[in-house]
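J.: One structure follows; several queries about it will come next.
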Amino acid sequence: TSMPVVFDNKLSSSILRYFLAAINGSSVARGTSLLAGKLEETIMAKDISIYDDPLLPRGLGSQAFDAEGLLCEKLTLVENGKLHHYLLDLYSAKKLGLTTNARASRGISSAPNPAPTNCYIAPGSKSREELLKSINKGLYVTEVFGRGVNLINGQFSVGAVGFMIENGKLTYPVNEITIAGNLIDMWKELQIADDLVFRYTVNSPTMLVGNMMVAGT
């Protein structure tokens, strides 16, 4: 069955993480990302903007310099749906013929690899309740499980737990269901609520995907 799907703001950051994996310069350089060659193209809904801010006060990922000693600055990754940047360190930038944007990160014994700092989707103008009221029948997801996401072709299929939405309200709980779609289609149908909370290094408000396949309800 096809229906709108709402991702709770405690969970929606996981959807944002798939986007961040797709703009990782190492993946783009290897050709293993569906967003390779998509710079300056519109890949999301027109009102979606995404930022990575290493200078965010009290941010869990805040830093003045990256792992290669380069000065960090705030990046507008997506502006009004258009992709402006990949996450780059020196090596991936050279491979792509671009300039690094100082997003190198490394573990104790690992080589540098691109990574976000404090990344977030700019909040929308509607409340969570207003998003729900717009839905006659849909699904509100509070948890997902499984690894059914392919960042090469964008296919997305995971298990989910949550509640049915009927006439704009949460009704009965559901579990052991499957939600599926394609990341490109999901991103282009995103609607964002105004309830952004900075809990992690990657944060997102409640998000509504206008149309996904839902099985097992």
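J.: Which of (1) among the hydroxyl-bearing types (S, T, Y); (2) in a loop (DSSP other than H, G, I, E, B); (3) under 20 Å from the mean Cα position of the chain (by Cα) is the odd one out, the single condition T99 does not satisfy?
T.: (3)
J.: Restricted to the range 1-34, and to residues that are among the aromatic types (F, W, Y) and surrounded by 19 or more Cβ atoms within 10 Å (Cβ to Cβ), which residue is nearest to A193 (Cα to Cα)?
T.: The selected residue is F7.
J.: Look through the range 78-108, keep the residues that are open to solvent by 60 Å² or more (accessible area, probe 1.4 Å) and among the hydrophobic types (A, V, I, L, M, F, W, C), and return whichever of them is farthest from A29 (Cα to Cα).
T.: Of everything passing the filter in the range 78-108, I108 is farthest from A29 (Cα to Cα).
J.: Then there's this: So G124 ticks every box in (1) part of a helix (DSSP H, G or I); (2) out of contact with any helix residue (DSSP H, G or I) (no Cβ under 8 Å at 6 or more places or on another chain) but one. Which box is left unticked?
T.: Going through the list (1) part of a helix (DSSP H, G or I); (2) out of contact with any helix residue (DSSP H, G or I) (no Cβ under 8 Å at 6 or more places or on another chain), G124 breaks only (1).
J.: Consider the range 152-188. How many of its residues are among the aliphatic types (A, V, I, L, M), open to solvent by less than 40 Å² (accessible area, probe 1.4 Å) and over 12 Å from Y140 (Cβ atoms)?
T.: Looking only at that region, the number is 4.
J.: On to the next question. Six or more apart or on different chains, Cβ atoms under 8 Å: show the pairs whose first residue is in the range 68-84 and closer than 19 Å to L16 by Cβ and whose second is in a strand (DSSP E or B) and among the charged types (D, E, K, R).
T.: From the range 68-84, the pairs are K74/D52; L75/D52; L77/D52.
J.: Right, something else. Which condition breaks for V78 when tested against (1) modelled with pLDDT under 95; (2) assigned to a strand (DSSP E or B); (3) not polar (S, T, N, Q)?
T.: Unmet condition: (1).
J.: I want to confirm something. Restricting to the range 135-189 and keeping residues that are free of Cβ contacts under 8 Å to residues at least 60 places away in the same chain and part of a loop (DSSP other than H, G, I, E, B), which single residue is nearest to A21 (Cα to Cα)?
T.: N150
J.: Please enumerate the residues belonging to the range 65-77 that are surrounded by fewer than 19 Cβ atoms within 10 Å (Cβ to Cβ), more than 15 Å from N113 (Cβ to Cβ) and in contact with a strand residue (DSSP E or B) (Cβ under 7 Å, 6 or more places away or on another chain).
T.: Matches in the range 65-77: F65, L71, K74, T76.
J.: Just to be sure I understand the filter: pairs with C-beta atoms under 7 Å, separated by 6 or more residues or on different chains, first member in the range 121-132 and on the phi > 0 side of the Ramachandran plot and buried (at least 17 other Cβ atoms within 10 Å of the Cβ), second member modelled with pLDDT under 95 and among the aromatic types (F, W, Y). Which pairs pass?
T.: none
J.: Which one is farthest from R17 (Cα to Cα), of the residues in the range 35-53 that are part of a strand (DSSP E or B) and open to solvent by 10 Å² or more (accessible area, probe 1.4 Å)? Reasoning before the result, please.
T.: Step one: list which residues in the range 35-53 are part of a strand (DSSP E or B), which gives 42, 50-52.
Applying the additional criterion that residues be open to solvent by 10 Å² or more (accessible area, probe 1.4 Å) yields 42, 51.
Details: T42: 18, Y51: 13 Å.
Out of the qualifying residues, it is T42.
The values are calculated or read from the model by the stated rules, or taken from the named source; none is laboratory data. Worth saying up front: this structure is predicted, and the values here are computed from it rather than measured. Counting neighbours? That spans all protein chains shown, and the Cβs are built from the backbone with ideal geometry, glycine included. Areas reflect the complete protein model, heavy atoms only, side chains present, ligands, DNA and RNA absent. Shrake-Rupley method; radii C 1.70, N 1.55, O 1.52, S 1.80 Å.
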